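One structure below.
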Amino acid sequence: MRYLPLTETDREDMLARIGVPDVDALFSDVPRGKLLEQLLDLPRAKGELEVERILGRMSAKNTAAGSVPFFVGAGAYKHHVPATVDHLIQRSEFLTSYTPYQPEIAQGTLQYLFEFQTQVAALTGMEVANASMYDGSTGTAEAVLMAHRVTRRRKAVLSGGLHPHYAQVVETLSGMADDEVVALAPDVRAGEDILGQIDDSVSCVVVQSPDVFGNLRDLKPIAEKAHAHGALLIAVFTEVVSLGAVTPPGAQDADIVVGEGQSIGNALNFGGPYVGLFAAKAKYVRQMPGRLCGETVDADGRRGFVLTLSTREQHIRRDKATSNICTNSGLCVLAFTIHMTLLGQAGLTRLAEVNHANAVKLADLLAGVNGVEVLNESFFNEFTVKLARPAAQVAEALAEKGILAGVPVSRLIPGAGLDDLLIVANTEVNTDEDRAALVAALKEVL
Amino acid sequence: MLNRQGRPTQAGEGESQHHETFTGNRALEQIEPLIFEIGHHETTGVDIEKPAPFASRLGKHARQGEIGLPGLSEPEAMRHYVRLSQKNYGIDTGLFPLGSCTMKHNARLNEKMARLPGFADVHPLQPVSTVPGALELMLELARYLMTLTGMPAVALSPKAGAHGEACGMMAIKAAIAARGEGATRNVVLVPESAHGTNPATAALVGFSVKPVPARPDGTVAVEDVRALLGPEVAAIMLTNPNTCGIFEPQIVEIAAAMHAAGAYFYCDGANFNAIVGKARPGDLGVDAMHINLHKTFSTPHGGGGPGAGPVVLSERLAPFAPVPFIHVEKGKSRLVEHKADAPAGNDPFGRMTAFHGQMGMYVRALAYMLSHGADGMKQASEDAVLNANYIRAGLADLMSLPFPDHPSMHEALFDDDWLKGTGVSTLDFAKAMIDEGYHPMTVYFPLVVHGAMLIEPTESESKASLDLFIATLRDLAMAARGNDKSRFTSAPHHAPIRRLDETRAARQPVLKWERPAPVQQAAE
């Protein structure tokens with residue numbers, strides 16, 4: 001077995017040194033009859049070549065995004081990631097290190113965490129950011145709990161533009177602690193009366209922009225009303241590239257900002273691993289979940305970085321911790337921060353511009369197709385169209401033609417009477433040919 | 001005319017001594033500023049063509065003003081991150097005996113497989129008909145996990161160990177609510193030796209926590225558990241093998257006591273790597289157990305993630321598993337993404353995360369399982385246990401064992417009794433290990449042991465590697481006892497940086513880079 005260095009002779013010598021007759025003597029605390037005597041019913045060890053064949057065959061059955069005209073978004077986005085990123089994150093010292101509990105030999109990890117926190121704070125326009133959450137959805141649920149700790153209230157209002165999966169994750173976690181959640185109905189045209197929901201009993205309002213249907217939302221009036229009632233505004237985004245083009249939530253007085261960072265540096269991966277971005281106003285830092293990296297000095301006065309404010313965390317505070325999170329998204333953070341460093345604000349702004357330009361082109365093209373109506377007044381790189389047929393059928397028919405057209409709203413929200421809606425994303429990877437192919441295929445199908 | 005004098009080939013003259021350098025660098029060890037100190041706002045390492053003019057649809061939402069982020073060109077970025085990497089210790093650098101964390105070899109085959117386009121480049125919401133291979137991979141991973149644990153169901157979606165704990169405890173909460181006892185059964189028993197995530201998870205899910213005292217021999221006794229049982233007790237969260245590295249001898253009796261009292265047994269599976277192929281949690285009475293794919297099945301730790309925390313569930317809890325999951329009936333598999341689509345008899349408690357969980361980690365873990373096979377996984381567990389006990393045998397005469405009466409499983413636990421009177425603390429000892437080229441063991445955990453040192457070598461170490469490690473620790477132990485205090489109390493001496501002031505970091509938190517205030521011109 002290529003991964004196991006001990007030889008049979010080694011094992012015998014080591015057992016003799018320990019002073020036991022066989023290895024099972026070391027398992028003597030396993031209750032009688034519970035120690036397995038036979039191998040489990042699974043295949044025997046395989047060489048690299050064989051494993052590659054097996055997994056290669058499974059992989060080949062899937063349609064890779066890069067192999068077709070691809071317009072699927074709604075919370076995860078196909079972007080180009082520079083080759084440098086994947087090379088660097090596979091360096092042994094990054095890939096095979098642990099959470100930086102021994103800072104003297106983990107300054108590499110700690111410094112990129114500090115840089116990442118600074119980047120996220122700048123992008124969102126917030127004062128502080130943590131070292132990541134699992135993804136945007138779990139980060140949103142944690143943000144709600146954080147707001148409850150800050151306000152000492154237990155009622156969250158969720159916008160109907162919040163990604164339905166995010167809303168479900170919030171509802172699941174909140175339900176366990178009997179916290180109240182008011183989830184507004186799906187809001188395709190961004191017309192909901194969220195201000196009317198805010199009163200003195202509300203802990204937080206959760207609003208996504210661009211929302212799941214692609215609409216850009218004005219957060220400022222919501223923040224104002226929330227603050228007037230002692231509540232917090234939690235701003236959510238699923239497409240971090242949008243922050244290169246739109247007003248950041250921090251400039252609209254959001255109190256906590258949570259987002260999905262997958263678009264920068266990370267592959268689609270069928271949904272994970274991704275990287276949750278989490279930022280807040282500095283006055284709430286001690287109520288934040290997750291790890292924080294801070295600057296300090298060593299015994300010689302040289303600058304260095306450590307994990308800090310850990311008295312918030314589970315390994316110190318146990319059942320009084322701000323979260324149970326331990327392992328987070330380390331290597332996805334690294335991919336994010338490298339890609340963001342390569343982009344810089346100049347590159348990010350340009351990337352966002354291309355995304356928006358491509359989406360505008362597609363919206364204009366689709367608006368000219370019979371049986372298609374673009375519903376959004378404003379959008380970034382994603383919008384919702386109303387089709388003359390159920391969107392799931394259309395998406396399936398287009399998939400058969402080798403085009404992945406978007407996400408039917410019924411996939412996210414079944415049974416809500418929104419079966420004719422399709423969410424369509426368009427990023428820098430899409431070409432004019434891709435868009436022409438989508439338009440032509442739609443005309444055939446509709 | 002050729003110069004006849006060649007390059008000098010002798011070693012230079014002079015004593016080896018500490019020389020200051022102009023740059024502050026020390027050869028391969030380079031000081032690396034922050035990107036904010038070396039980058040510029042106009043620089044970018046990505047070439048993207050400017051789009052043709054178009055009419056914006058951003059409305060009034062267009063960003064005003066600068067973001068305030070520097071960029072680096074590609075060569076600058078490459079150098080920045082390579083230099084940072086050189087300040088890190090990884091498994092590939094050397095022995096990384098971090099107890100409870102399981103730092104085993106990370107095979108690069110697994111990285112390669114996770115990057116196949118059919119896994120890495122598929123979207124979680126593209127039509128299900130276009131991802132049959134992804135579902136097949138998830139089902140195959142599930143089959144392996146269920147077989148290895150002897151459990152009938154598994155929820156794959158949790159994102160890491162603590163998230164898996166939350167999933168398991170939510171399933172327990174849902175099962176209790178379904179029995180109509182939701183209002184009354186709200187206490188969870190957690191041993192004092194538990195990982196901090198256990199009480200934190202119980203609290204997160206809305207339970208209150210009652211500690212179970214630790215026995216002097218490092219185990220949990222069934223009498224102590226029984227004494228705490230009552231109609232208000234929902235579950236126990238017990239790690240097995242436990243955080244002292246001991247297989248809980250009374251685990252079957254504890255499980256039976258919980259079940260007899262109408263409660264559930266949550267097993268923290270962080271240490272499952274010790275018993276894969278040797279014992280099955282399903283045979284021990286476990287109702288739910290998370291599996292850290294990044295520990296037991298070697299998906300890389302990546303400097304703190306990403307992990308993956310699938311949870312195996314008993315028959316009693318399986319119906320409450322969260323969406324999404326794959327339902328197989330009559331050989332046909334179906335992805336269930338909504339409560340309303342769940343097959344009859346199922347009552348999912350909700351959703352843990354957007355999408356399907358950590359696919360990238362599933363691929364790596366399955367590649368590990370396929371490579372090892374049933375035989376290799378059993379051998380890996382045995383070797384991990386053998387290696388830990390070999391280290392224990394090699395150090396037991398110099399360092400003190402808090403629990404000598406039980407064999408260790410995959411990790412050997414020492415306390416600091418043997419350091420009494422030396423003026424050297426566990427932390428000092430750990431820092432001196434850094435100078436010797438080792439990553440320290442886990443220190444000060446579990447909390448039930450004073451000055452704990454938890455050593456987990458894993459199966460990835462050769463005997464020669466273990467022998468050198470033992471010899472090194474013996475040398476350090478002798479030095480600590482021999483009054484060579486300076487080797488410890490100011491260690492590390494050879495790391496890129498010396499001990500850091502963590503108190504200052506917490507008292508005056510600096511959590512991001514701020515542009516330094518412009519230097520005032522000196523008044524004339």
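A short reminder: the numbers here are calculations on the coordinates, not readings from a lab. Remember, it's a predicted structure, so these values are computed and weren't measured experimentally. In this analysis, Cβ positions are derived from the backbone assuming ideal geometry, glycine residues included, and neighbour counts consider all displayed protein chains.
Ordering A:F383, B:F469 from the fewest to the most neighbouring beta carbons within 10 Å gives B:F469, A:F383.
Here's the list of lysines a cross-link from A:K281 could span, going by alpha-carbon distance under 20 Å and ignoring same-chain residues fewer than 8 apart: A:K220, A:K225, B:K512.
Could you state the orientation-averaged shadow area of the convex hull built on the Cα atoms of segment A:217-305, in nm² to one decimal?
For the Cα atoms of segment A:217-305, the hull's average projected area reads 8.4 nm².
The modelled label-to-label distance between B:E29 and B:K112, using points 7 Å beyond Cα along the C-beta direction, is 3.6 nm. Neighbouring Cβ atoms from other chains, within 10 Å of the Cβ of residues in B:38-45, number 5 on average.
Given +1 at the Cβ of Lys and Arg, -1 at the Cβ of Asp and Glu and no other charges, the dipole of chain A around its Cα centre is 420 debye to the nearest 20. At 0.36 nm per residue, and after removing the present C-alpha to C-alpha distance, how many nm does the segment from B:A227 to B:K50 gain when stretched out fully? My answer for the length gained is 56.5 nm.
For B:V82 and A:E400, what is the calculated FRET efficiency with R₀ set at 51 Å and r taken between the beta-carbons, to the nearest 0.05?
Using R0 = 51 Å, I get an efficiency of 0.65.
Full extension of the chain between B:N483 and B:Q64 yields a length gain of 144.4 nm, computed as 0.36 nm times the residue separation minus the alpha carbon distance.
Each peptide among A:158-167, A:7-16 gets the average number of other Cβ atoms lying within 10 Å of its residues, and from highest to lowest they stand as A:158-167, A:7-16.
Residue exposure proxy: B:S129, B:S73, ordered by other Cβ atoms within 10 angstrom of their Cβ from fewest to most, comes out as B:S129, B:S73. Rounded to the nearest 20 debye, the dipole magnitude of chain B is 1120 debye, with +1 charges on Lys and Arg beta carbons, -1 on Asp and Glu beta carbons, and the Cα centre as origin. Where Rh is the Kirkwood radius over the Cα pairs of segment B:111-367, the temperature 37 °C and the viscosity 0.692 mPa s, what D in µm²/s does Stokes-Einstein return? The calculation lands on 177 µm²/s. Here r is the Cβ-Cβ distance between A:R17 and B:H494 and R0 is 30 Å; the resulting FRET efficiency, rounded to 0.05, is 0.45.
How would you rank A:124-130, B:452-458, B:510-516, highest first, on the average number of other Cβ atoms within 10 Å across their residues? Mind showing how you got there, number by number?
Values: A:124-130: 23.6, B:452-458: 25.7, B:510-516: 15.4.
Highest-to-lowest ranking by the protection proxy: B:452-458, A:124-130, B:510-516.
Cα centroids of segment B:474-524 and segment A:332-357: 34 Å apart. Within the straight-line cut-off of under 21 Å between alpha carbons, the lysines reachable from B:K378 are A:K34, A:K46, B:K104, B:K278, B:K295, B:K463, sequence neighbours fewer than 8 places apart in one chain being disregarded. Between A:D193 and A:A416, the simple spin-label model (points 7 angstrom out along Cα→Cβ) gives 2.0 nm. The mean count of C-beta atoms from other chains within 10 Å of the C-beta of residues in A:309-322, rounded to a whole number, is 5. In percent, rounded to a whole number, the relative contact order of segment A:83-339 is 27, using alpha-carbon pairs under 8 Å and six or more apart.
Taking a cut-off of 47 Å, what percent of all Cα-Cα pairs in chain B are separated by more than that?
23 percent
Counted over chain B, the DSSP beta bridges are approximately 55% antiparallel.
Taking Lys and Arg as +1 and Asp and Glu as -1, the other residues whose beta-carbon sits under 11 Å from that of B:A194 total -3.
Return the FRET efficiency for the residue pair B:L468, B:K420: r is the Cβ-Cβ distance, R0 is 25 Å, and the value is rounded to the nearest 0.05. Before the final figure, lay out each step's value.
On the way: r = 27 Å, r/R0 = 1.10.
E between B:L468 and B:K420, to the nearest 0.05, is 0.35.
Mind checking the dipole of segment B:296-388: about its Cα centre, +1 per Lys or Arg Cβ, -1 per Asp or Glu Cβ, Debye to the nearest 20? For segment B:296-388, the charge dipole is close to 260 debye. Every Cα-Cα pair of chain A was included, and the share exceeding 36 Å stands at 38 percent.
Peptides A:39-49, B:272-282, B:294-304, ordered by how many other C-beta atoms sit within 10 Å of their residues on average, highest first, read B:294-304, B:272-282, A:39-49.
Of all aspartates and glutamates in the structure, the ones whose alpha carbon falls short of 14 Å from that of B:K173, not counting any fewer than 8 places away in one chain, are A:D178, B:E165, B:E181, B:E232, B:D287, B:D347.
Potential lengthening of the chain between B:L139 and B:I38 amounts to 31.6 nm, from the contour at 0.36 nm per residue minus the alpha-carbon distance. Rg/Rh for segment B:278-351 (Cα atoms only, Rh after Kirkwood) is 1.04.
The three principal axes of the C-alpha atoms in the protein assembly as shown carry coordinate ranges of 90, 83, 60 Å, sorted with the longest axis first. Annotation: the residues B:T472, B:T426, sorted from fewest to most other C-beta atoms within 10 Å of their own C-beta, follow the order B:T472, B:T426. Averaged over the residues of peptide B:70-78, the number of Cβ atoms from other protein chains lying within 10 Å of each residue's Cβ is 5. Our note on the geometry: Cα centres of segment B:61-139 and segment B:369-438, 31 Å apart. Derived scalar couplings between HN and Hα for segment A:353-370 equal 4, 5, 4, 5, 4, 5, 5, 5, 4, 5, 4, 5, 5, 5, 4, x, 8, 4 Hz in order, rounded to whole Hz, by the Karplus curve 6.51 cos²θ - 1.76 cosθ + 1.60 (θ = phi - 60°), x for Gly and Pro. When the trypsin sites (Lys or Arg not before Pro) in segment B:133-222 are filtered for DSSP coil states and for at most 11 other beta-carbon atoms within 10 Å of their beta-carbon, the remaining sites are B:R179. Evaluated over the Cα positions of segment B:373-496, the convex hull gives a direction-averaged projected area, one quarter of its surface, of 8.4 nm². Each label was represented as a point 7 Å from its Cα along the Cα-to-Cβ direction; for B:S333 and A:K320 these points are 4.7 nm apart.
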